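Written below as structure tokens is the structure these notes are about.
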Amino acid sequence: MAGIDTSVPHSARIWNYWMGGKDYFPVDQEAGDQYAAIFPGIFDLARVSRYFISRVVRHLAADLGVRQFLDVGTGLPSHDNTHEVAQRVAPDAHVVYVDNDPLVLAHAHALLTANPAGTTDYIEADLNDPGRIIEIARTKLDFSRPIAFMLMGVLGHVPVVGEDDVEARRILDAFKQALPSGGYLATYDGTNTDPAFVEAQAMYNEGGSVPYALRSPEQIARFLDGLELVEPGVVQIHEWRPDPNPFGASTPVNAWGGLGRKP
């Protein structure tokens, strides 16, 4: 693909490799294997997180009647993308993806194949500028009706600043304020609950890739402060409404997440 450097590992392609995708190069596999040599659980985490997202989207569309989704930090296309899961349940669902990664943008055409009854769109914007994301999203989604905002595995890219985690809170407060009444915020992120995970992530962060901050489960739970938690609350993602998946029984992973509703 023109303009894509295949000699340097890229975080989105590494994650795609861990998830069992096909959009990566040998350099990405090498970097992914170096990480996995310290923390082998990264393969399970990547795949379990994909099925957590699928369960959340399916529950939102099938059980909670949501027809609009804003997926921030979508990453590379993979199996069961948000629009595929939502439109399988509700063909008229509208999904807007947000990312600012040039590699992801280059693959955006693969995400824009929607069910004819629904729509799939894309916003090029940075998570750290939630105001711009929301401003553009207002031109693509109906904010007088419920919307599901999804920040799945992306808030780790926001550094932990102070005891109050002020940068993450600033971003989340902007999204919560814009969220229509009856809308939902879904989120998950990796946790600092395994020393090997912490060690592997520190090595990764020092390697020049976009850094990712592991937080405690309590810090992630606070992401949904002010919202009504959907059962079972904020839990390890393999425990959130588990159901059968292609990888068999749910594997415990070092990531926590949940879903909250704005009254």
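The values are calculated or read from the model by the stated rules, or taken from the named source; none is laboratory data. From a predicted model like this one, the values you see are computed outputs, not experimental measurements. Note that we place each Cβ from the backbone using ideal geometry, even for glycine, and neighbour counts take in every protein chain shown. Note: areas computed on protein heavy atoms with side chains; ligands, DNA, RNA excluded. Shrake-Rupley method; radii C 1.70, N 1.55, O 1.52, S 1.80 Å.
For P130, state whether it is farther than 18 Å from R222 by Cα and at pLDDT 95 or above.
Considered against the rule, which asks whether it is farther than 18 Å from R222 by Cα and at pLDDT 95 or above, P130 comes out as yes.
Is it the case that G20 is part of a helix (DSSP H, G or I), over 30 Å from P146 (Cβ atoms) and either in contact with a His (Cβ under 9 Å, 6 or more places away or on another chain) or without any contact (Cβ under 8 Å) to a residue 60 or more places away in the chain (or both)?
Details: part of a helix (DSSP H, G or I): no; over 30 Å from P146 (Cβ atoms): yes; either in contact with a His (Cβ under 9 Å, 6 or more places away or on another chain) or without any contact (Cβ under 8 Å) to a residue 60 or more places away in the chain (or both): yes.
Answer is no for this residue.
Go through (1) surrounded by fewer than 18 Cβ atoms within 10 Å (Cβ to Cβ); (2) touching a residue at least 24 places away in the same chain (Cβ under 8 Å) and name the single condition D99 misses.
(1)
Provide a single number: the residues in segment 23-52 that are over 20 Å from A202 (Cα atoms), open to solvent by less than 40 Å² (accessible area, probe 1.4 Å) and outside any helix (DSSP H, G or I).
From segment 23-52, those over 20 Å from A202 (Cα atoms) are 23-26, 47-52; that's our starting set.
Right, trim to open to solvent by less than 40 Å² (accessible area, probe 1.4 Å) and you get 48-52.
Among the residues that remain, those that are also outside any helix (DSSP H, G or I) are: none.
Residues in segment 23-52 being over 20 Å from A202 (Cα atoms), open to solvent by less than 40 Å² (accessible area, probe 1.4 Å) and outside any helix (DSSP H, G or I): 0 in total.
A quick yes/no check of all residues on (1) under 28 Å from F43 (Cβ atoms); (2) in contact with a Ser or Thr (Cβ under 9 Å, 6 or more places away or on another chain):
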| residue | (1), (2) |
| --- | --- |
| R145 | no, no |
| G153 | yes, yes |
| R170 | no, no |
| F175 | no, no |
| N205 | yes, no |
| A213 | yes, no |
